[in-house]
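The values are calculated or read from the model by the stated rules, or taken from the named source; none is laboratory data. Please read all numbers here as calculations on a predicted model, not as lab measurements. Every residue, glycine among them, receives a Cβ derived from its backbone with ideal geometry; neighbour counts consider all protein chains shown. Each accessible area value is taken on the protein alone, full model and side chains, heavy atoms only, with ligands, DNA and RNA left out. Shrake-Rupley method; radii C 1.70, N 1.55, O 1.52, S 1.80 Å.
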Amino acid sequence: MATLLRSKLSNVATTVSHKSQAKMSGMFARMGFQAATDEEAVGFAHCDDLDMEHRQGLQMDILKSEGSEEGGEPPLEGDIHYQRDGTGPLPPSGSKEACSELSGQGKPKITAWEAGWNVTNAIQGMFVLGLPYAILHGGYLGLFLIIFAAVVCCYTGKILIACLYEENEDGEIVRVRDSYVDIANACCAPRFPTLGGRIVNVAQIIELVMTCILYVVVSGNLMYNSFPNLPVSQKSWSIIATAVLLPCAFLKNLKAVSKFSLLCTLAHFVINILVIAYCLSRARDWAWDKVKFYIDVKKFPISIGIIVFSYTSQIFLPSLEGNMQNPKEFHCMMNWTHIAACILKGLFALVAYLTWADETKEVITDNLPSTIRAVVNIFLVAKALLSYPLPFFAAVEVLERSLFQDGNRAFFPNCYGGDGRLKSWGLTLRCALVVFTLLMAIYVPHFALLMGLTGSLTGAGLCFLLPSLFHLKLLWRKLLWHHVFFDVAIFVIGGICSISGFIHSLEGLIEAFRTNAED
């Protein structure tokens, strides 16, 4: 009797503990969502804590007590626990029990307008400042590419979400996957069940770290051009910016940072409007004859990467769609966000290029008159510095989960102590990552080249190549011929653009690295 009572008390305690963990998970997921609303072009920065857990095979499962295995009493109703290895059976996919369990975890639900705000921040953020430079080397073809990239990214976002669903035995379409990584793993199963997820994670880490580097580069560039008379070089400004960013290594969450970043995002939209207004004031001097159909063969492939990078949002779409109140509105939301992005980006890039023509610089605000350039650039530097913690924290989280916290599959010992505090060597690695972004910014201080390289390498892969490949692999039996044609065409065109842009961007970076090393 005592043993039975002790077993029940243990079950109740475990139930309370795990329910508390589930609620906390939902709370952090909501917090991750809020942080992500303030970021652009970084794969939704924090990527939603729930989605990050699913990447590690995290699943909600019915708790089976030891007593039930030995023929004892069944587990208490509602008992749940996390299984990190993903080996436990899941509740039936369309069952009421599964729905009630998932709905009871405090999982945040957002409207289509809120989801659209997130996508808009991801594809219409700070990196649109490099689009006029793409028009400089591509002319009208660059404008066409802005439209083409919007159409393709909208389509691949939709087919990526389609890969999350499958038809069950009753003919109902149900969600069987939760993240980009789950889709990648499903495509590589059964021979290599984790290979696809590792590839996606590596691509995400590269994109996040490169985004951090871009923030340091643009901060140094903007400050140097805002105060050219000061005896401070661009490299020195980058070092100063990194010194300000070093406390990011001590970050535990992004709650405070996200509030400031939201204000800076709004300020950035105002700055874009000011730039367009200034350009419109000089409409009489627009150089229409400078916009031609020819392209710079050596530099235009870099422009392709710049444009593609400005549209990257696919990495967070599965989590976003899963958090929507009405997922059926996802397609409509994708349509109007990408149409708006296409119009605004095309207008911004064309108007800015017409104003400065061949004098267009890598960061368009450097072309503004000195009277207003300093004010605008200071706002942009503040936006960059406050945005840096988001991709940095996301990259650190992925690295820690993959290398230090993945149970028996971890490559290194856990970087956290028993009390949950970060160990000294773990803090050292975080500081080393901040210093690495500084070194890259110092030796390759070229905003357009870095943006083009990132867009060609990870942007094209995550937005063009992988979604079309996964769609063909998972749903090819149910696809209509025109869907197959679109997927194959996107894969081929995206592959060509990715390889070409990567090669030219890499050549430019190597040349820039050699030049800086000699200096």
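List of remarks:
- Test result for L390, open to solvent by less than 10 Å² (accessible area, probe 1.4 Å), modelled with pLDDT under 85 and in contact with a Leu (Cβ under 7 Å, 6 or more places away or on another chain): yes
- Check on R191, part of a loop (DSSP other than H, G, I, E, B) and either basic (K, R) or closer than 22 Å to L453 by Cα (or both): yes
- Screening segment 111-139 for residues that are within 12 Å of T360 (Cβ to Cβ) and of a type in the set (A, V, I, L, M) and picking the one that is most open to solvent (accessible area, probe 1.4 Å) gives L136.
- Residues in segment 375-397 that are under 14 Å from V218 (Cα atoms) and not charged (D, E, K, R): V376, N377, I378, F379, L380, V381, A382, A384, L385, L386, S387, Y388.
- Meets criteria (modelled with pLDDT of 85 or more, closer than 25 Å to C248 by Cα, assigned to a helix (DSSP H, G or I) and open to solvent by 30 Å² or more (accessible area, probe 1.4 Å)) for I343: no
- Odd one out for A357 among (1) open to solvent by 60 Å² or more (accessible area, probe 1.4 Å); (2) at positive phi: (1)
- Flag if C212 is more than 19 Å from the chain's Cα centre (by Cα) and either in contact (Cβ under 8 Å) with a residue 40 or more places away in the chain or part of a helix (DSSP H, G or I) (or both): no
- In a residue-by-residue description of segment 294-314, the property of being modelled with pLDDT under 90, over 24 Å from T365 (Cα atoms) and touching a Leu at 6+ places or on another chain (Cβ under 6 Å) applies to at least one position.
- Subset of segment 280-298 that is open to solvent by 90 Å² or more (accessible area, probe 1.4 Å) and part of a loop (DSSP other than H, G, I, E, B) - its residue that is nearest to E511 (Cα to Cα): K298
- Unmet requirement for L380, which otherwise passes all of (1) modelled with pLDDT of 85 or more; (2) within 23 Å of A203 (Cα to Cα): (2)
- Test: residue in segment 317-335 that is farther than 30 Å from H446 by Cβ, assigned to a helix (DSSP H, G or I), of a type in the set (D, E) and open to solvent by 10 Å² or more (accessible area, probe 1.4 Å): yes
- Figure legend. Inter-residue proximity from segment 343-359: first residues over 10 Å from L143 (Cα atoms) and in contact (Cβ under 8 Å) with a residue 60 or more places away in the chain, second residues surrounded by fewer than 23 Cβ atoms within 10 Å (Cβ to Cβ) and of a type in the set (D, E, K, R), beta-carbon distance below 8 Å, spacing 6+ or different chains. Indicated pairs: Y353/K290; L354/K290; T355/R282; T355/D285; A357/K290; D358/K290.
- Flag for I183 being in contact with a Phe, Trp or Tyr (Cβ under 9 Å, 6 or more places away or on another chain), within 22 Å of T120 (Cα to Cα) and of a type outside the set (S, T, N, Q): no
- When V152 is tested against the conditions (1) touching a strand residue (DSSP E or B) at 6+ places or on another chain (Cβ under 9 Å); (2) at pLDDT 90 or above, the lone failure is (1).
- Answer from D170, D182 - the residue that is within 21 Å of the chain's Cα centre (by Cα) and in contact (Cβ under 8 Å) with a residue 12 or more places away in the chain: D182
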